[in-house]
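This report refers to the structure that appears directly beneath it.
Bear in mind these aren't lab numbers, they're just calculated from the coordinates by the rules spelled out. Being a predicted model, the structure only gives us computed values, none of them experimental. A quick note on method: Cβ atoms are made from the backbone with ideal geometry, for glycine too, and the neighbour counts reach across all protein chains shown.
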Amino acid sequence: MPRVLSQDLRDRVIAAIEGGVSCRRAAVRFGVSAASAIRWRQLALRYGTPAARPQGGDRRSARIEAHAGFLLGTVEAKADITLVELQALLAERGTPVGIGTLWRFFDRRGITRKKRQHTRPSRIDPTS
């Protein structure tokens, strides 16, 4: 994963570029790649600062979270519904999602979709 370079370095590169130095020459002067200097300049022009944008995180769950009420209501109405059936219902509503997306939706809420019966723990050997 790429490392985030300091804000001070970014500011100095942008100050040099704004002072009339080309992006490539500023990159050589400060020991960074030309692509980084160009990207930082674009960030400065677009957002007013070359600060690093937040990395990682969940950016796609909002799509399924919009249907949370429907999904939870459906599971409450039919407790033994499968993820494949839920996937088909969402596709009918115009929101095609993957099984993994549905699994993560229920995992965030601590809801399991196991179909097998729970067995009593063994007194002789540990069960998995």
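When the chain is treated as a Gaussian network with alpha carbon springs shorter than 10 Å, the biggest mean-square fluctuation among G19, G94, G56 belongs to G19.
Given a 10 angstrom Cα cut-off, can you work out which residue in V28, V84, V75 is the most mobile in a GNM of the chain? Among V28, V84, V75, the largest GNM mean-square fluctuation belongs to V28.
Dividing the mean sequence gap of close Cα pairs (under 8 Å, 6+ apart) by how many residues the stretch 1-80 holds gives a relative contact order of 23 percent.
Take the Cβ-Cβ distance between R53 and A77 as r, set R0 to 35 Å, and report the resulting FRET efficiency rounded to the nearest 0.05.
Details: r = 42 Å, r/R0 = 1.19.
After rounding, the FRET efficiency stands at 0.25.
With everything on Cα atoms, drop me the angle between helix 34-47 and the longest principal axis of the chain, reported from 0 to 90° to the nearest 10. On a 0 to 90 degree scale, this one is about 80. Both radii are taken from the alpha-carbon atoms of the stretch 62-108; with Rh as the Kirkwood radius, Rg/Rh is 0.90. Checking (i) 10, 27, 12, 15, 17, 12, 5, 1; (ii) 12, 48, 34, 6; (iii) 13, 43, 24, 10, 6, 3, 0 against the coordinates, the calculated P(r) over Cα pairs in 10 Å bins from 0, in percent falls under label (i).
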